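For reference, the structure is listed below as structure tokens.
Values in this text are rule-based calculations from the coordinates and carry no lab data. Not measured: the values here are computed from a predicted model. Glycine gets a Cβ as well: all are built from the backbone with ideal geometry, and neighbour counts include every protein chain shown.
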Amino acid sequence: MKDYIIQNKCAWEYNAYEFWVEHIGAPAERAKKIKENPIKQLKRYSAYFDTYKGVKIANICGSCGKKAVPLALLGADVTVFDISEDNKRYASELADAARTHINYEVCDVLDIDEKYYNRFDVMFMEGGVLHYFHDINEFVRIMYRLLKVGGKMICSDFHPFTKISDILNLEQPAMSYFSTEIFDGEMAHARFFDDETRSKMPKCSYRKYTVSEIINAVIAGGFVLKRFDEHPAWTNENVPGEFTVVAVKE
């Protein structure tokens with residue numbers, strides 16, 4: 001495991017379970033909400049799925065399971081790959097409370113066991129994933145290996161516009177759009193803690209990308225790019241805050 005991955009693991013295992021309980025509810029409480037309308041919990045991402053029942057989905061950096069569990073309730077066979085034991089604890093309790101099942105592998109995404117190669121129909125990730133990996137080309141190559149021929153990658157992430165403006169109010173530093181700098185920064189949810197706790201929280205190691213770096217990595221990784229959609233920021237509908245790439249392995 002690379003040093004920066006170890007650093008990020010340390011950050012994501014610092015009070016993560018307690019954070020989820022406080023900010024999205026105890027697993028039983030959250031499960032009840034998810035079961036009321038699983039499709040609604042997928043938000044805009046539901047538009048990128050053709051079907052769910054029997055579909056093998058790899059949820060990359062699936063965190064607390066708030067997307068994996070609704071997918072499972074809709075009939076998908078879901079495996080989460082994530083670095084954090086705390087995230088697994090919450091996600092497992094969430095799935096149990098919802099009376100469904102997800103597989104959850106705590107691992108370095110760049111070192112996923114080869115037994116998972118060519119296994120999945122869909123690779124799905126959302127909520128800010130790419131900036132945790134210093135080499136986007138290496139990351140995309142792993143995604144390609146995990147997919148079956150004919151499989152689809154759905155990658156939704158923070159828009160590169162957020163490099164130059166903290167438009168999503170994540171309280172991360174702005175920089176040149178073309179910066180290739182690797183930098184230490186707070187976890188996205190650090191801002192929800194009091195100043196004393198926040199000062200003690202481990203930092204993550206980040207690398208942010210441009211639109212062209214993302215698109216070119218998808219193409220260089222062997223995928224056929226099908227869509228690149230841009231979505232408004234949740235803080236200002238006049239500027240981009242997120243994007244979604246859809247690409248297939250042919």
### Task
Just give me the residues in region 233-248 being over 20 Å from the mean Cα position of the chain (by Cα), surrounded by 12 or more Cβ atoms within 10 Å (Cβ to Cβ) and not β-branched (V, I, T), in sequence order.
N236
### Query
If you take just the helices (runs of 4 or more DSSP H) that sit entirely in region 7-121, which of them hold at least 3 residues that are in contact with an Asp or Glu (Cβ under 9 Å, 6 or more places away or on another chain)?
16-24, 27-36, 85-97
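Does A174 qualify as being assigned to a loop (DSSP other than H, G, I, E, B) and not β-branched (V, I, T)?
Values: assigned to a loop (DSSP other than H, G, I, E, B): yes; not β-branched (V, I, T): yes.
Yes.
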### Task
Scan region 7-63 residue by residue and report those that are within 17 Å of V106 (Cβ to Cβ), among the charged types (D, E, K, R) and in contact with a helix residue (DSSP H, G or I) (Cβ under 6 Å, 6 or more places away or on another chain).
E13
